[in-house]
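Peer 1: Once you've had a glance at the structure underneath, I'll fire off some questions.
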Amino acid sequence: MSDAIGFLDTMGRGAFAADPGGAYAEAVDALEIDDGQRAALRARDAAALGRLLQARAATTCLIMTPDGGEPLDAPDDDDRGQDDDDRDDDAPRPQPD
């Protein structure tokens, strides 16, 4: 992971929430990165930093459904944790030990 990405990760964790100005500038100056990355971070220019780090402009996530093409339905909250009284009378019931 590049130092610039590690810095953004730290920043995303709220490291500069209390003092966004001074602490941020000092942290950027302390990084071992090239001048272009430093300038992009100082300017808070995400597009420029992305170009310098050869980042992708967009990321796509695709989800494939199983054969049959029908999406699976998630169980409703009502279906989870049914009481024994709600069960089908023909369904086998657990036997006490």
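Peer 1: Given the condition part of a helix (DSSP H, G or I) and either at pLDDT below 75 or loosely packed, with under 10 Cβ neighbours inside 10 Å (or both), answer yes or no: does some residue in the range 50-67 qualify?
Peer 2: Checking the range 50-67: not a single residue is part of a helix (DSSP H, G or I) and either at pLDDT below 75 or loosely packed, with under 10 Cβ neighbours inside 10 Å (or both).
Peer 1: Looking at the range 68-97 only, could you name the residues that are polar (S, T, N, Q) and either at pLDDT below 65 or closer than 30 Å to GLY36 by Cα (or both)?
Peer 2: Result: GLN82, single match.
Peer 1: Within the range 28-49, can you find the residues that are assigned to a helix (DSSP H, G or I) and within 11 Å of ASP3 (Cα to Cα)?
Peer 2: Of the range 28-49, the ones assigned to a helix (DSSP H, G or I) are 28-30, 35-43, 46-49.
The answer is VAL28, ALA30, GLN37, ARG38.
Peer 1: Quick check on ASP45: is it surrounded by 10 or more Cβ atoms within 10 Å (Cβ to Cβ) and at pLDDT 75 or above?
Peer 2: Answer is yes for this residue.
Peer 1: For the range 1-22, which positions are at pLDDT below 80 and either over 17 Å from the mean Cα position of the chain (by Cα) or under 13 Å from LEU53 (Cα atoms) (or both)?
Peer 2: Once the filter is applied, which keeps residues that are at pLDDT below 80 and either over 17 Å from the mean Cα position of the chain (by Cα) or under 13 Å from LEU53 (Cα atoms) (or both), the range 1-22 yields MET1, SER2, LEU8, ALA15, PHE16, ALA17, ALA18, ASP19, PRO20, GLY21, GLY22.
The values are calculated or read from the model by the stated rules, or taken from the named source; none is laboratory data. These numbers come from a predicted model, not from an experiment. Glycine also receives a Cβ, built like all others from the backbone with ideal geometry; neighbour counts cover every protein chain displayed.
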